[in-house]
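Right, one structure below, let's go through it.
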Amino acid sequence: MSATVPALSLVVPAFNEEELFDHCMRTLHGCGAQLGLLIEIVIVDDGSTDRTPQVADTLARELPRVAACHQPNQGIGGAFRTGTQEATGEYLMLWPADMPAAPEDLAPFAALFGHADVIVGVRRRRIGYNPLMRFNAWLYPHIVRWLFGLRLRDVKWIQAYRREKFAQIQLRSRASRCWWRRWCVSVMPGPPLPRSTSR
């Protein structure tokens, strides 16, 4: 990996996240230094009506390799698309705005950088899931497998993409769907991180 190009760009769509946003982004930023990993954070304010835009701008001023951009509300897919266009890292990752991070959350991904085009995190447990949510969590990967041939146990958790490969996908939708190509995919068990809010 280059000494000047970030190894990882974390794209963070944010819509009305002012309550915990500053804390979550600062803990996420600190993970890079603790791991010795050059990262950048691209915050996409997705038309927030609270203080999220101001918090994002403050973070961008105060923390190195943090950028903030603002757009009218386009949903998480549209915000991710905007963030990927601003990102410069060798890998891309979508990170929830309300989820704090610890170094051990990113370390397993970093260990696979350079060895896989797509790194898929898999939750070991579903904290706070009721029986219907657990059934849906079981059913959804089976539907994805049937429709797209992807044999993944968890398709809605944290994933990292090699940016040069991701750039080959033409995202025409604001949703977060895409057709997968013949890339090297690694599946990695991850911790069952709780979300801070229910957005």
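No lab work stands behind these numbers, since they all come straight from the coordinates. Source: prediction; values computed, not measured. Cβ coordinates were reconstructed from backbone atoms using ideal geometry, including for glycine residues, and neighbour counts include every protein chain displayed.
Brief remarks on what is shown
- Using only Cα coordinates, the Kirkwood hydrodynamic radius of segment 39-103 works out to 12.3 Å.
- Pair Y140, T27: separation of 7 Å Cα→Cβ label points (nm): 2.2 nm
- Length released on extending from A167 to A111, taking residue separation times 0.36 nm less the Cα-Cα span: 17.9 nm
- In this structure the amide hydrogen of V5, modeled in the peptide plane, comes within under 5 Å of no amide hydrogen from residues 5 or more places off or on another chain.
- Rg/Rh ratio calculated on Cα atoms of segment 1-138 (Kirkwood radius): 0.98
- Surrounding net charge for E86, when Lys and Arg each add one and Asp and Glu each subtract one, Cβ distance under 14 Å: 0
- Cα-derived Rg to Rh of segment 1-71, Kirkwood definition: 0.99
- Phi to ³J(HN,Hα) by Karplus 6.51 cos²θ - 1.76 cosθ + 1.60 over segment 105-113, Hz, x for Gly, Pro: 6, 9, 4, x, 5, 4, 5, 9, 4
- HN-Hα J in Hz across segment 130-141 - Karplus 6.51, -1.76, 1.60, θ = phi - 60°, x for Gly and Pro: 7, x, 5, 5, 5, 4, 4, 5, 6, 6, 4, x
- Amide H contacts of V11: V42, M93, L94, W95, each under 5 Å away and 5 or more positions distant or on a separate chain (H built 1.01 Å from N in the peptide plane; Pro and chain starts excluded).
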